[in-house]
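One structure is given here, and the rest of the page talks about it.
The values are calculated or read from the model by the stated rules, or taken from the named source; none is laboratory data. If you're wondering where the values come from, they're calculated on a predicted model, not measured in any experiment. A quick note on method: Cβ atoms are made from the backbone with ideal geometry, for glycine too, and the neighbour counts reach across all protein chains shown. When the accessible area is computed, the model is the full protein with side chains, heavy atoms only, and any ligands, DNA or RNA have been set aside. Shrake-Rupley method; radii C 1.70, N 1.55, O 1.52, S 1.80 Å.
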Amino acid sequence: MAVFRSEVIVTLSLNPLATTFRRRPYFSPLKPRAAIQQLKPASGDGHKAHNSKSAAICDSLRLLEWDAVCDLVSSFAGTQLGRETVKAQLWSAVELSYEETKMRLEETSAAIEFINYGSGGMDFAGIDVLLVKSAIGQASKGFPISGLEAIAVACLIEFAENLQATFEGAVKEDAAWYNRFMPLAEVMMNVSICHSLVASVKKIIDEDGYVKDSASSELKRYRDQVLIVERKLYLLMDKLARNNRNESSSLEVCNVDGRWCIKYMSNKLENFDGLLLSSSGSDYLVEPIAAVELNDELQQARALAAKVEEDVLSQLTDKMLAELGSIQNLLDTMIQLDAVAARAKYGIEYGATYPNIFLPCEMIRSLTVDGDSGLNGTSSKPSFSHHQREWKLYLQKAYHPLLLKQYRENLENARKALTNAASDLRRKKMQGKSMATDDSDSYLDSMKLSILQMERRPPIPVDFAISAKATVLVITGPNTGGKTVSLKTVGLASLMSKAGLYVLASEPAKLPWFDAVYADIGDEQSLTQSLSTFSGHLKQISAIRSNSTSNSLVLLDEVGAGTNPLEGAALGMSLLESFAESGSFLTIATTHHGELKTLKYSNHVFENACVEFDEDSLQPTYRILWGIPGRSNAINIAEKLGLPYRILSTARKLHGKTSAEINEIIIDMESSKQDFEQNLKDAQHYLMLSRRLQQDLLMARERVTKHSDTLRKSKAQSISEFAVMARSILHTKLQQYRQSAVAQSTSQSTTVDNSEFKKQNLKLIASSNCSVEQTKSSDIGKTSPDKLLRIPEVGEKIVVPSLGKEAVVLQVLPSKGEIIVQSRNIKLRLKLKDVVASE
């Protein structure tokens, strides 16, 4: 049974992660069966049914080696309680609902985002949760905590504070991080940090967990007294040892139970003024009489110092009691975060993929919608995308987690062995030891070659793409071809996704949410129950058949094996048809019976697949060929191995012409399938190439358009600049011409013909598009040419046409062709062409 915490637990604020945490209390280490059987019905038939289901699930998890996966994931936790929590959560994953599974996956995704954001942000290895747990237990019972426990509590609080600061810093940097870190962010933002307790601990306790001298004046006085007495005892013992040392004996100063003594080693005990504490052979332990009083004084001083230390720690415990609920809550939160971080670190380390899970009932509903739309000729829009409806289970390049772990460990061990061997060789050469250089070099070369071969032969992934309309998948093929590993890979991937773990497959990974995963794999012979292999399989399959539902995954290895082939094939066909009718959402079975391959042609919910076998190398390729039934390879293999032709001919006759023709058809199907897959790969390659070329073409087109726009703008800018330059030159020439005309008119005598001067100025004004004809107000009327061209004098009144008002001339600037006038309180600088004389 599960053992629950008895300490006080403070409830966090209502948020998704807090709800998840509180939904499942923290468990002590559980055995697998205990983790599954936490919730039991009270009694009666329901109790027996639950026991049967729990036993079937437990046996299935054992066959799938789920406990090894739990151990692997828990190894990524930083604390002991975190590792235990990971195991308990993974073992109890069989009870999770669809919503709880989605929440677990969201937690894992948030932890991956946070780890990628700040390296080392979720490393809980520096927290001693066992000491914190001990401190909480001591304080709750009224006992003073130790210095090490106080330091552990302070470290826990500081770690939580740093974690919270990292969250807050990320959110300040970019508010979008808050949603990425959900639901972890809300938990960390709302956690209570006891700053005052940390300050109190650091003020009293040093880094090694000892109470500081500065914690109390009494403590410092008693510790000083201890040092003084110890100094006196040291001098006394040194003097006694020197005075009593002789050639036939040896003396050694030692400390026994806090009292200074002398260990006297001699064949006989000579006269020595002291108390004999013990003797063993020729060794005597003596407390000198002269040291008894000082030892008593030392013991008394130490006792007083210890009493003061206990008082100091009791005061610190009282402060901790006031925050005990917050500390317990903080510890539980850190343990849960450690468990979430372990799931995330496992996914990062192994390059796992987020699994897109869906409810089987949604798949069935979407298929029903498709069927209805096809019958009625109308279209509808189901909730699932086309790709999700197309595949019931879609896993590409899926790895068995334990095989991948074993491969990595073997490769790492081989590399370490190579490094150690090279280091030993260098050390021996530095020490000048003689050795056969050729042998050592060849040994290192062989190790390097072995590592290279291991790197070139990693575990082979399997591909699963099961049609949405398929309910039973039958996989055939030779022994050691990878059928059982494929079964376990699918089963473990389904369990991992349900437990909130990423799966070891390439994107996208789509799996149904199964309410349970049942498996019958391997040799189930039981000597204790007097069951044969066949009986053991039937017992397990019977339990699976009675407990599986329309939301379950059933994995059957070598169905119908262990008995007469004809009877086994018939029984296997009947079992699979039973599962197809109402047994499970998806059943995957492996078999050697050829009769099971024919089920696909009589029932559309069946699908065939086989593991590929290379007849040239006589080795399986561990690849699954979909839609193709497996064929017999025994006679062909025997021929490759050199069996006499007469025997092979007789075997083929006994096997039958029909079977040979079926094998030929299967061979053609395999060849066509391989050609199709190759053509599909080529088509995908060319499609990607065409998309890349199209992208390059669009980018080139965009660059040409941008270049054309740039050239057009550059030309327009050049024309504009030349136009401005031309206008400036014309304006300058016009100004010069006007100035020369004004100067000429000033220097000429009054006999100059005013009419000729007027004509020249009128031509100049017309050519520069600067007509000075202005419409005056009704009381001013039109200006005569004589008034327009005469240069006014200082003090004369003139009319400013642009203002429609009169102004007084203050200054005349003939060289610039300008005058300065004043109209009421406004002074203006005007061109001569812009004014007329007042009548």
From Cα pairs below 8 angstrom and at least 6 apart in sequence, can you work out the relative contact order of the stretch 569-642, rounded to a whole percent? 22
Arranged from highest to lowest average of other beta-carbon atoms within 10 Å per residue, in what order do the peptides 447-460, 289-302, 599-612, 691-704 appear? 599-612, 289-302, 447-460, 691-704
Taking 0.36 nm per residue of sequence separation and subtracting the Cα-Cα distance, how much length would be gained by fully extending the chain between Gln406 and Met189, in nm to one decimal? 74.1 nm
Arranged from highest to lowest average of other beta-carbon atoms within 10 Å per residue, in what order do the peptides 645-654, 146-155, 193-202 appear? 146-155, 193-202, 645-654
Between Gln300 and Ser196, what is the spin-label point distance in nm, taking each point 7 Å from the Cα along the Cα→C-beta axis? 4.0
Given N residues in the stretch 536-602, what is Rg(Cα) / (2.2 N^0.38 Å)? 1.04
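May I ask you to derive the FRET efficiency for Asp257 and Glu639 from their Cβ-Cβ distance with R0 = 60 Å, giving the value to the nearest 0.05? Walk me through the numbers before you get to the answer.
Details: r = 86 Å, r/R0 = 1.43.
Using R0 = 60 Å, I get an efficiency of 0.10.
Please find the FRET efficiency linking Arg692 to Ser440, where r is the Cβ-Cβ separation and R0 is fixed at 41 Å, and quote it to the nearest 0.05. Each step should come with its number before you reach the end.
Details: r = 51 Å, r/R0 = 1.24.
Computed FRET efficiency for Arg692 and Ser440: 0.20.
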Compute the Rg/Rh shape ratio of the stretch 195-249: radius of gyration over Kirkwood radius, all on alpha-carbon atoms. 1.35
Report the semi-axes of the equivalent ellipsoid for the stretch 76-218 in whole Å, largest first, where each axis is √(5λ) for an eigenvalue λ of the Cα gyration tensor. 33, 20, 12
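To the nearest 0.05, what FRET efficiency results for Ser535 and Glu293 with a Förster distance of 60 Å applied to their C-beta separation? It would help to have the intermediate numbers written out before the result.
Numbers: r = 84 Å, r/R0 = 1.39.
According to the calculation, E is roughly 0.10.
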Separation of alpha-carbon centers, the stretch 435-485 and the stretch 168-230, rounded to whole Å: 51
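Any of Lys597/Lys653; Lys488/Lys539; Lys469/Lys498; Lys141/Lys307; Lys102/Lys681 with alpha carbons more than 31 Å apart? Name them for me. Intermediate values should be presented prior to the final figure.
Working: Lys597/Lys653 22 Å; Lys488/Lys539 20 Å; Lys469/Lys498 23 Å; Lys141/Lys307 19 Å; Lys102/Lys681 34 Å.
Violating the 31 Å limit, Cα to Cα: Lys102/Lys681.
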Please give the charge dipole size of the stretch 82-135, origin at the Cα centre, charges +1 on K and R Cβ atoms and -1 on D and E Cβ atoms. Round to the nearest 20 debye. 180
Computed over the stretch 570-629, Cα set: Rg, Dmax in Å: 13.1, 43
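Express the carbon and sulfur contribution to the solvent-accessible surface of the stretch 97-194 as a percent, rounded to the nearest whole number, probe 1.4 angstrom. Could you put the intermediate results ahead of the total?
On the way: 2020 of 4010 Å².
Accessible surface attributable to carbon and sulfur in the stretch 97-194 totals 50 percent.
Provide the gained length on full extension for the span Glu721 to Thr598, in nm with one decimal, where the gain is 0.36 nm per separating residue minus the Cα-Cα distance. Before the final figure, lay out the partial values.
Numbers: separation 123, 0.36 × 123 = 44.28 nm, distance 8.59 nm.
Stretched fully, the Glu721-Thr598 segment lengthens by 35.7 nm.
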Expected sort for 802-812, 100-110 on mean C-beta neighbours within 10 Å, highest first, is 100-110, 802-812
Approximate spin-label separation Asp213-Met430, in nm, with each point projected 7 Å along Cα-to-Cβ: 4.3
Pair Leu654, Ser134: separation of 7 Å Cα→Cβ label points (nm): 7.3
Length gained if Ile820 through Arg701 is fully extended, taking 0.36 nm per residue and subtracting the Cα-Cα distance, is 36.7 nm
